[in-house]
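Okay, so here's the structure we're looking at.
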Amino acid sequence: MWPHGDTKAPVATTVLNHLERLRNRASFIANSCKEIRDRYDQKEDGLYYLTTANGGVYQTFCDMTTAGGGWTLVASVHENNMYGKCTVGDRWSSQQGSNPNWPDGDGNWANMVTFGTTDGATSDDFKNPGYYDIVAEDMSVWHRRFLTIYGGNLHQLFKLYPVRYNAGACGNTGPAIPIMYDFGNIETTRGFYGPNLRNQFEPGFITFRPINNVRAAMAICSGVKPIPNTRCDTEHYCIGGGGHFPEQAPRQCGDFPSFDWNGYGTNTEWSSSKEITEAAVLLFYR
Amino acid sequence: MWPHGDTKAPVATTVLNHLERLRNRASFIANSCKEIRDRYDQKEDGLYYLTTANGGVYQTFCDMTTAGGGWTLVASVHENNMYGKCTVGDRWSSQQGSNPNWPDGDGNWANMVTFGTTDGATSDDFKNPGYYDIVAEDMSVWHRRFLTIYGGNLHQLFKLYPVRYNAGACGNTGPAIPIMYDFGNIETTRGFYGPNLRNQFEPGFITFRPINNVRAAMAICSGVKPIPNTRCDTEHYCIGGGGHFPEQAPRQCGDFPSFDWNGYGTNTEWSSSKEITEAAVLLFYR
Amino acid sequence: MWPHGDTKAPVATTVLNHLERLRNRASFIANSCKEIRDRYDQKEDGLYYLTTANGGVYQTFCDMTTAGGGWTLVASVHENNMYGKCTVGDRWSSQQGSNPNWPDGDGNWANMVTFGTTDGATSDDFKNPGYYDIVAEDMSVWHRRFLTIYGGNLHQLFKLYPVRYNAGACGNTGPAIPIMYDFGNIETTRGFYGPNLRNQFEPGFITFRPINNVRAAMAICSGVKPIPNTRCDTEHYCIGGGGHFPEQAPRQCGDFPSFDWNGYGTNTEWSSSKEITEAAVLLFYR
């Protein structure tokens, strides 16, 4: 009961039903889930409205419970069709085949194009304005690992380290950053990828923009760091890419480039496990 | 004049201009057009805001006049290019050709990916969050027929009956449900499809997930039920599909799979009429 | 300090921070940036909410400073991949090759389909509901030229003059309208296009729906008017198109159809300059 004996309670204390309570989040004004958490004391996972620096308004998922909360979902990488090699849906590499004249491919790692929806983020590629708008202190991939990226965001990072065919050679990478595991560990990460690769990488890191041995660029090695002076077969364990993968083109071209070299999900020789092949890689900022 | 003699009327009674009145709908909070109708007593067709169970907000068209109103537009199926066989724009089948290794094709009948807009729903494929979020009592296709679906929605239905190549054989279908005609009737429905087919189906029903005689899956036969022990040539009169149509692949693959087998819109032999080939099939829930 | 000595100022006069001020724009109700300017006295470039005649709400960029302001960004045309000839991303021509059976191609010049985002408008094709909803008095292309179009919009214009293969012959065009230059001039415009073309067009105009010498249709010649009784090689200096470009098909098919005939960005013979090839053409209404 409203403590002051009035017949009408102030609007703010009216009991709101579930949808009304959710819609109430539209009155929050913040640039990131971290600000929502800090300024409005929200502790519930769900969809919230965010506002960009130029006034754009969008909804996205905030993880308010993992590792202190305040995580903004900004993107997901999903291989919609392992048999389609740089075809429709490969927005994080190329939707138009493997072509050395189009070295950036779709270019979405470093531009301001957005696509997909929060609800669809685990079945399709997704990228929202937070990807380029939020200045992140931390980044999380899959909720299984965290890292500090130098007060920036991936949009800025990939402008410095282009995900572009022929932008470098085997052994060149962007930063590799140690990670913390919330779930999983070094050995589960190692097992996701083909046995032939396991001496090429070191788990416990996230690595940006590796180049493979035929100068194809990828965007993220989620959970591992290529070991210097090994074969640079990063197309089998890193994701995203530019517009050309020369080896037997277009056979290695795609969002999960060549996870299926020795068969889909077989986890033999160079092939990844079915689990990792079918996962959507969710990217969060904080 | 405001009846109490005050110089200022309450905000709610201020005369609103057209756009203001429409924008006022943003204050309604409901999960479906049926709730909008019931709770806010709206009787005008148009765009309204809806809120999903997890707080997502979207606008869609509410039909508030047909058969009592309260109908939410959740999807449309449109064949953008009859000459493009499972190419870009065939989101309700496959945008990447006909491929037995990709039996679900784009998979949009059973996932939470959304696309298109309400305004564009008659010229392009469309699917909004209502498709998976609203728990429907009834469904309407094209405003010409209605049916009761067991307290669920199509998203749930197609998880039970996958629109997937090789998910069954000729004669297997999901539920077939009698329909009511608001416009048109049994004979107009029969005439939409090729004369060679008219002894294969019975008008007056909507049928879900038929399988044809070479194990290709379709999603909806709008207006008809295949008659058991006939040839199962459902590719000529049912819409949507999985990722592979074996007969002369990819010639039968697409959102309106093989409506043009004997020429576009000829309505001879196995071909549909031009009217039905160029229609957008609008799906409403209530 | 609040002048009346109260400890609490009314909410409306509370100093709003940057995001709050931007979100405040959600309370404006208008059909165009011109109305925003006129009714709410806004003088700052940025994102504003607009409402369509049927109640649809969207955000877009308003240019409130150029030539008096009030310009609504409604579309952009961007050639995402000059090497992809009517492939994914060629939404202003055809995303499915060059095909005489599909003479309109994607048909987006005259339908109500929308795509892309304001933030992404310079790196990808973009079209918002303003394209068909706003009744424009003026139109601006690139902020470098302005014209009066007869109280309509492009959606209406292209319904009258279809951007469709075989809709006319060499010499047929829609209206050609003199332009004003804010930036640039007649000679800079002339130099954008290949030297072989410079006696075929007259700068200082915008021309709609030209037909080339093999009956391919384009949508806009931005800055020039084809001179009657010349060769009608408009594929080298006009943008957008229908679904078929016969000459060496699909080599001339695309959003910037054949700007690269003698090499990408070479500005020799029939080829355009790199500057114009890589530009996004932004369309504004007022």
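State whether one or more residues within segment C:111-121 are of a type in the set (Phe, Trp, Tyr), surrounded by fewer than 22 Cβ atoms within 10 Å (Cβ to Cβ) and modelled with pLDDT of 90 or more. Yes; the residues of segment C:111-121 include at least one that is of a type in the set (Phe, Trp, Tyr), surrounded by fewer than 22 Cβ atoms within 10 Å (Cβ to Cβ) and modelled with pLDDT of 90 or more. When C:LEU50 is tested against (1) more than 13 Å from chain B (Cβ to nearest Cβ); (2) in a strand (DSSP E or B), only condition (1) is not met.
Filtering segment B:68-89 down to residues that are in contact with a strand residue (DSSP E or B) (Cβ under 7 Å, 6 or more places away or on another chain) and touching a residue at least 60 places away in the same chain (Cβ under 8 Å), which residue is nearest to B:GLU278 (Cα to Cα)?
The residue in question is B:HIS78.
Would you say A:SER93 is more than 22 Å from C:ASN80 (Cα to Cα), more than 9 Å from chain C (Cβ to nearest Cβ) and crowded, with 24+ Cβ neighbours inside 10 Å? No.
If only residues of segment A:61-85 that are more than 18 Å from A:ALA121 (Cβ to Cβ) and facing another protein chain (nearest Cβ under 9 Å) are counted, the one that is nearest to the chain's Cα centre (by Cα) is A:MET82. Among the residues of segment A:173-203, those identified as modelled with pLDDT of 90 or more, polar (S, T, N, Q) and buried (at least 16 other Cβ atoms within 10 Å of the Cβ) are A:THR173, A:ASN196, A:GLN200.
Of all residues in segment A:204-218, those that are surrounded by fewer than 22 Cβ atoms within 10 Å (Cβ to Cβ) and either among the hydroxyl-bearing types (Ser, Thr, Tyr) or touching a helix residue (DSSP H, G or I) at 6+ places or on another chain (Cβ under 6 Å) (or both) total 1. Is it true that some residue in segment C:235-245 is without any contact (Cβ under 8 Å) to a residue 40 or more places away in the chain, under 15 Å from C:ASN213 (Cβ atoms) and not in a loop (DSSP other than H, G, I, E, B)? Yes: one or more hits. Just checking, does segment C:15-31 include any residue being more than 10 Å from every other protein chain (Cβ to nearest Cβ), not aliphatic (A, V, I, L, M) and not in a helix (DSSP H, G or I)? No, there is no match, as no residue in segment C:15-31 is more than 10 Å from every other protein chain (Cβ to nearest Cβ), not aliphatic (A, V, I, L, M) and not in a helix (DSSP H, G or I). Among the residues making up segment C:32-47, those that are more than 9 Å from every other protein chain (Cβ to nearest Cβ) and touching a residue at least 40 places away in the same chain (Cβ under 8 Å) are C:SER32, C:CYS33, C:LYS34. On the given criteria, is B:TYR58 within 12 Å of chain C (Cβ to nearest Cβ), within 17 Å of A:ARG23 (Cα to Cα) and surrounded by 21 or more Cβ atoms within 10 Å (Cβ to Cβ)? No, not satisfied.
The values are calculated or read from the model by the stated rules, or taken from the named source; none is laboratory data. These figures come from a predicted structure and were not determined experimentally. Counting neighbours? That spans all protein chains shown, and the Cβs are built from the backbone with ideal geometry, glycine included.
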